[in-house]
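This report concerns only the one structure given below.
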Amino acid sequence: MIAAVLVVLFAIFTSVWTDRLWYRSFDFGSVFSTMLLARIGLFAVFGLVMAACVAASAALAYRFRPKVRVGAASSPLLERYREVLESRFVWVVVAIGVVLGLFAGGAASGQIFTYLAWRHSTPFGITDPKFGLDIGFFVFGYPWYRFVLSFLFAVLGFSAVASALVHYVMGGLRFSGSRRGASGAAQAQLSVLIGLAIVVKAVQYWFDRYGLEIQNQQLLTGINYTADNATVTAKAILAVIAVICALLFFANAVLRRWVVPTIGLVLMVLSGIVLGVIYPGAVQYFSVRPSEPTRERPYIERNIAATRAAYAIDDVEITSYSAKTTATAGQLRTDAEALPGIRLIDPSVVGPAYEQLQQVRGYYAFPETLDVDRYTINGAETDAVVGVRELNLAGVPGQNWNNLKTVYTHGFGLVAAYGNRRQSGGEPEWIAQGIPPTGELDEAEPRIYFGESPSIDYSIVGAPAGTPPVELDTPGGGEGGSPKTFTYDGSGGVGIGSLWRRVLYAAKFADVNILLSSRVNEASKIIYDRTPKERVLKAAPWLKVDGDAYPAVVDKRIVWIVDGYTTSNSYPYSQRVPLSQVTTDSQTTTSGGAVVAQPNSDINYMRNSVKAVVDAYDGSVKLYAWDTEDPILKTWQKAFPGVVESRDAISPELKDHLRYPQDFFKVQRQVLAKYHQTDPNNWYQNSALWEVPNDPVKTAGQAKESPFYLSVKWPEDDRAIFSLTTAFVPRGRSNLAAYMAVNADASSPDYGRMRVLQMSDTTQIDGPGQSFNAMTTNETVAERLRPFQQGTAQSSFGNLLTLPVGGGLLYVTPVYTQRQGSTGSYPALRFVIVRFGQSVGIGDTLQQALDQVFKGDSGASTGEDEPAEPTQPGTGTPNSSAATEALDEAQSAFEAADKALTAGDLGTYQSRIEEAQAATERALRAMGR
């Protein structure tokens with residue numbers, strides 16, 4: 001027993017102490033200490049209050065036990081309990097107090113963020129329309145007060161139970177025999193405790209009035225007509241009744257007549273049923289239902305105003321748009337600037353192309369879904385599809401501890417391709433590629449020790465000066481063309497040079513090799529908790545983070561950018577939404593990909609308050625205040641001073657890569673689908689509801705269409721703007737209802753400006769699903785794609801993009817082809833399909849497709865008349881180095897195949913032949929053939 005307790009205590013100590021070391025390793029020790037002290041304080045205070053109250057109540061009951069017990073011999077078992085209690089009373093009371101105190105302290109420590117938010121609360125400067133209280137009371141104060149009241153009620157309840165048990169065992173309470181009843185001391189003590197519990201219940205009734213403002217009703221979130229005219233008054237009356245009932249119990253401590261307080265308690269319960277259920281139900285049925293639109297109008301107005309403010313959609317600009325449906329020659333002339341920015345490389349499709357062309361070795365991998373970023377290349381800003389070459393431990397040869405933990409420790413390099421260009425074979429045209437990285441991006445530190453790969457738990461890095469390096473750095477570059485090795489010298493990681501720390505981490509990871517391996521030395525560090533989102537959430541545990549952390553090269557270093565959100569579910573009158581549900585779409589995955597769904601929780605307030613940056617080499621985390629007016633952010637800045645840096649500290653180069661976050665936009669578009677209606681009658685009638693259409697390209701599961709980052713030229717604007725866009729269709733219909741875009745360029749003074757084009761009711765514009773169907777069933781399109789829908793070739797469609805150009809809506813989708821049955825195949829961009837109105841065109845290039853649609857001349861140039869030849873980035877010449885490397889790989893594979901054939905290993909022979917063929921194909925493409 002003692003050994004088991006010691007093991008548990010050591011496990012707890014190990015967890016706490018290694019957490020302390022981890023937080024201090026990247027300068028967030030204050031977060032750890034603040035949370036630890038707050039948890040200890042809450043645990044101690046609430047645990048001691050529970051233990052003390054219960055123990056004191058039991059002690060009083062024992063102190064005032066009857067001197068003479070009547071009917072003691074009537075129950076041998078009860079007499080035995082009396083003997084035990086009398087002989088070991090102190091130990092029994094202490095044990096009960098400790099157990100209940102531990103439970104109470106554990107529950108209280110789980111309320112750490114509720115407590116800290118209340119303790120450091122910041123006023124919103126806005127009052128609620130019913131009680132005139134600041135919104136901050138509901139967001140910060142109300143949840144804490146409700147917990148405290150619930151805790152006090154539990155304390156008094158357990159105290160009453162403990163007292164009753166002691167009185168019963170010691171003869172103060174009798175439920176049978178001729179002398180049934182309670183002693184004077186028992187009656188007095190129980191009356192006071194029950195009376196105090198009812199006083200707490202009265203306060204809870206009073207606070208229930210405030211809770212109505214954040215309660216989900218059948219029609220809306222917040223107070224409705226019935227709540228305002230019946231429930232609020234009923235709660236106040238019940239509070240008064242509860243106080244009267246409590247006074248009756250207090251009086252019973254002297255009068256000692258249980259009939260009166262018992263009648264009062266029964267009447268209170270009946271009043272709760274009548275006033276809390278029957279009366280509001282009658283008001284709803286007889287007064288509200290016959291005239292619901294009129295009765296609920298002022299409350300709907302409150303709900304609309306609060307919801308639009310809580311989700312920051314109160315300034316959205318909605319414009320009626322009479323979209324043209326007829327294509328004419330030269331129609332796109334005024335929108336010529338936007339066309340070269342149409343992103344044809346789909347980040348959710350081209351991942352396998354990055355794998356085949358840039359993976360280099362099997363122990364590297366790219367995410368399934370890549371990211372969209374922006375870079376300035378040769379003075380022009382361009383959209384880029386980016387991915388990081390991360391470590392994939394499943395591909396490591398020799399699956400032993402030394403390799404997995406000390407040799408294969410990091411990935412290498414960010415790979416980027418133009419979003420609107422391709423090579424002649426349909427491959428992406430690279431902005432940055434290869435190992436070591438070459439191209440337009442200056443990756444001075446390309447090593448990826450901290451990334452999104454789910455296969456890595458921890459690595460042990462570092463060594464004393466002069467020690468031969470053991471970490472594999474690059475597949476080539478070493479002596480005689482051998483792999484190059486490296487020794488980590490960054491600031492990230494926790495030092496485990498001492499025996500004591502090695503013991504701690506061997507226990508933490510249940511891995512004795514940490515303690516025994518000679519690879520662990522006095523200069524070793526252990527790096528773990530390596531994903532960007534994980535590090536941000538630990539550095540700022542009060543945040544929610546966007547599902548998509550994306551990489552960028554900033555100041556010559558690869559960093560991960562993570563958007564952080566402050567949320568609440570206690571904003572008065574604001575409609576709640578399920579966060580996980582509304583942020584899940586066709587490009588959201590739960591594991592194995594770059595984009596991950598949000599946790600399941602309901603919210604009714606949200607702000608993108610923090611921009612976080614995680615260095616891919618040393619794991620350092622920087623948190624920058626973004627929405628500086630957010631009261632919730634201000635509250636957490638007071639609770640964790642110095643953790644979040646000023647917005648002014650964001651460098652211009654970093655700001656160029658910040659963008660409007662996807663999950664925030666998804667929540668806003670979901671809310672706006674109903675709350676674009678500001679007239680209460682229209683809102684009530686649901687006459688103009690919108691919804692996000694299902695993704696017509698990815699039909700499996702009927703998932704919602706993902707928003708897209710695009711450079712969009714809004715009607716009447718002078719230039720195209722990097723935006724996050726989405727389409728709406730009417731609820732239950734497929735035609736287009738509206739098109740929305742938000743300025744996603746963080747360096748723009750109009751960042752966050754949200755605009756909507758609402759389609760005219762007089763002309764039906766096909767929505768994404770209808771347009772995709774028309775594009776894929778078009779005879780010309782079907783004829784061009786027929787060769788790729790049979791035999792060994794197969795075609796697939798990329799994202800369906802929607803743009804407001806030419807006075808109408810333009811739909812664009814790329815078509816990828818891929819050879820089947822080959823381990824070296826990957827999707828290559830082959831065609832582009834365009835639709836405007838009822839006109840559909842398909843071409844090898846976007847320019848060709850547009851010219852088909854607009855009568856032979858779209859009036860604008862896309863800047864990509866013909867696909868680019870495979871080139872060495874920045875030189876415009878065939879990539880001879882890539883071709884040479886591929887030919888060398890092919891030669892090595894052929895030699896390995898010959899050896900396998902000689903040895904009779906046909907399986908290895910076949911796989912090596914396939915590798916050689918794939919390498920030969922890469923060499924041909926690199927030479928432009």
message: Given the C-alpha atoms of region 1-140, compute the convex hull and give its volume per residue in Å³.
response: 183 Å³
- prompt: What angle do you read, to the nearest 10 degrees and between 0 and 90, between the alpha-carbon axis of helix 259-273 and the longest principal axis of the chain?
  reply: 30 degrees
- line: Tilt, helix 768-777 to longest principal axis of the chain (alpha-carbon atoms), in degrees rounded to tens, equals 30 degrees
query: Put a dot 7 Å past each Cα toward the Cβ at Val260 and Phe486; how far apart are the dots in nm?
result: 8.4 nm
- prompt: Which whole-angstrom value gives the distance between the alpha carbon centres of region 239-259 and region 596-670?
  reply: 53 Å
- prompt: Which length gain, in nm to one decimal place, applies between Ile273 and Asn216 when the Cα-Cα distance is subtracted from 0.36 nm times their residue separation?
  reply: 18.5 nm
query: Taking the Cα centre of region 248-371 as origin and charging only Cβ (+1 Lys, Arg; -1 Asp, Glu), how large is the dipole, in debye to the nearest 20?
result: 920 debye
- request: Note the full-extension length gain between Ser287 and Phe509 as 0.36 nm times their separation in residues minus their Cα-Cα distance, in nm to one decimal.
  value: 73.5 nm
statement: Out of Asn420, Met50, Gln847 - ranked by how far each Cα lies towards the positive end of the dipole of the chain, with unit charges on the beta-carbon of charged residues - the top one is Met50
field: Column: log10 I(q)/I(0), Debye, Cα scatterers of region 481-524, q = 0.24, 0.32 Å⁻¹
entry: -0.86, -1.17
query: Rounded, prolate or oblate: which fits region 689-795 when a ≥ b ≥ c are the square roots of the eigenvalues of the alpha-carbon gyration tensor, with rounded for a/c under 1.5 and prolate only if a/b beats b/c?
result: prolate
- prompt: In region 654-726, which trypsin sites (Lys or Arg not before Pro) fall in coil by DSSP and have 16 or fewer other Cβ atoms within 10 Å?
  reply: Arg719
statement: Quick numbers on the chain, Rg and Dmax over C-alpha atoms in Å, give 34.3, 111
task: Using the Cα centre as the reference, give the magnitude of the dipole from point charges on the C-beta atoms of region 690-786 (Lys, Arg: +1; Asp, Glu: -1; all else neutral), rounded to the nearest 20 debye.
output: 240 debye
query: Among Thr382, Gly490, Gln358, whose Cα sits farthest toward the positive end of the charge dipole of region 342-491 (+1 at Cβ of Lys/Arg, -1 at Cβ of Asp/Glu, about the Cα centre)?
result: Gln358
Lys, Arg +1 and Asp, Glu -1 on Cβ, resulting dipole of the chain about Cα centre, debye, nearest 20: 5780 debye
message: Suppose the chain between Leu102 and Gln891 were pulled fully straight at 0.36 nm per residue; how much longer would it get relative to their current alpha carbon spacing?
response: 277.2 nm
- prompt: Roughly what angle does helix 499-508 make with the longest principal axis of the chain, taking Cα atoms, 0 to 90 degrees, to the nearest 10?
  reply: 90 degrees
message: Of Asn681, Val562, Ile198, which is farthest towards the positive pole of the chain's charge dipole, taken about the Cα centre with +1 and -1 on the beta-carbons of Lys, Arg and Asp, Glu respectively?
response: Ile198
- prompt: Given only helices, namely DSSP H runs of n ≥ 4 each adding -39500 (n - 2.57), what is the per-residue ellipticity at 222 nm of the chain, to the nearest 500 deg cm²/dmol?
  reply: -12500 deg cm²/dmol
P(r), alpha carbons of region 342-491 - 5 Å bins starting at zero, rounded %: 2, 9, 18, 21, 18, 13, 9, 6, 3, 1, 0
- request: Please label the shape of region 432-581 as rounded, prolate or oblate, based on the square roots a ≥ b ≥ c of the eigenvalues of the alpha-carbon gyration tensor (a/c under 1.5 means rounded; beyond that, a/b larger than b/c means prolate, else oblate).
  value: oblate
- prompt: Using the Cα gyration tensor of region 531-658, with a ≥ b ≥ c the square roots of its eigenvalues, what is the shape: rounded (a/c below 1.5), prolate (a/b larger than b/c) or oblate (neither)?
  reply: oblate
field: Euclidean distance of C-alpha centroids, region 83-146 and region 439-513, integer Å
entry: 44 Å
- prompt: Among bridges DSSP assigns within the chain, what percent are antiparallel (round to 5)?
  reply: 90 percent
- line: Plugging the Cβ-Cβ distance of Trp401 and Ile318 into 1/(1 + (r/R0)^6) at R0 = 60 Å yields, to the nearest 0.05, a FRET efficiency of 0.50
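None of the figures in this text is laboratory data; all of them are computed from the coordinates on show. From a predicted model like this one, the values you see are computed outputs, not experimental measurements. As a convention, Cβ positions derive from the backbone with ideal geometry for all residues, glycine included, and neighbour counts pool all protein chains shown.
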